Amino acid sequence: MLQIRCTAKVLKQFGVSTSDACESVSADSLLGNWYCNLLTIDRRKCILFMSERTFLSFLLFGVRKDNSKSMPQTFSNGLSQLLEIEGFSDEQIHRVFEDYQLCELTKTNNRSALGNLRDLMLNYEHAIMYEGGLKQCNLGKIIHSMNRMPQNNLDWKFSIDVARDLISSKNAS
């Protein structure tokens, strides 16, 4: 099961009250649960997703309130595209999504993960603005580089390498 752990800002954007959010449970999926937060860049609402287990991340822009019902599908499309771009095989991508048949929106519950999410938000925002904003930047290149930043909480490994190791180990078993 996939749980997307949303900040209060995301829940409010999509009209989900905190009392309507599902109860958080520990992750039994390969890449863990995902955290998301809303940010505004160039007056456009963006949503940043980050894997709780690997800190693998991707950013989607053009978020609107009426997208709330399709958030699980939007997430799945974004993650699938990220994994394809990163060179994962169709079989590996399928194995990742085996754990994500059901999706629930929950509140965040890990301050450390929120700290990492906040740092990523600032890094994405800086990189996008440095390249001239959303209209001029190469968002794919920025996402690629963000997943190749050493992470202190991962013993200075790259998020993409940790994700690759997890996915490869599942394929071997």
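Some values worked out for this structure:
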read-out	value
Residues that are farther than 15 Å from residue 83 by Cα and either in contact (Cβ under 8 Å) with a residue 24 or more places away in the chain or buried (at least 17 other Cβ atoms within 10 Å of the Cβ) (or both), drawn from segment 143-157	149, 151, 153, 154
Extreme residue, surrounded by the most Cβ atoms within 10 Å (Cβ to Cβ), among residues of segment 26-54 that are touching a residue at least 40 places away in the same chain (Cβ under 8 Å) and among the aliphatic types (A, V, I, L, M)	50
Segment 85-130 - residue that is surrounded by 13 or more Cβ atoms within 10 Å (Cβ to Cβ) and free of Cβ contacts under 8 Å to residues at least 24 places away in the same chain and, of those, farthest from residue 13 (Cα to Cα)	93
Residue match in segment 50-58 (condition: in contact with a strand residue (DSSP E or B) (Cβ under 7 Å, 6 or more places away or on another chain), in a strand (DSSP E or B), charged (D, E, K, R) and within 28 Å of residue 138 (Cβ to Cβ))	no
Segment 1-22 - residue that is part of a loop (DSSP other than H, G, I, E, B) and among the aliphatic types (A, V, I, L, M) and, of those, surrounded by the fewest Cβ atoms within 10 Å (Cβ to Cβ)	1
Residue count for segment 82-99, restricted to those that are more than 14 Å from residue 33 (Cα to Cα) and part of a helix (DSSP H, G or I)	10
Qualifying residues in segment 100-155 (those that are in contact with a Cys (Cβ under 6 Å, 6 or more places away or on another chain) and not in a helix (DSSP H, G or I)) - the one nearest to residue 44 (Cα to Cα)	131
Residue match in segment 65-81 (condition: more than 14 Å from the chain's Cα centre (by Cα), assigned to a helix (DSSP H, G or I) and modelled with pLDDT of 95 or more)	no
Residues within segment 89-112 that are at pLDDT 90 or above and within 14 Å of residue 74 (Cα to Cα), tallied	1
Positions within segment 77-118 being under 26 Å from residue 20 (Cα atoms) and among the hydrophobic types (A, V, I, L, M, F, W, C), in sequence order	79, 97, 102, 103, 105, 113, 114, 117
Condition met for residue 25 (more than 25 Å from residue 140 (Cβ to Cβ) and assigned to a loop (DSSP other than H, G, I, E, B))	yes
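The values are calculated or read from the model by the stated rules, or taken from the named source; none is laboratory data. Note that this is a predicted model, so its numbers are computed, not measured. Every residue, glycine among them, receives a Cβ derived from its backbone with ideal geometry; neighbour counts consider all protein chains shown.
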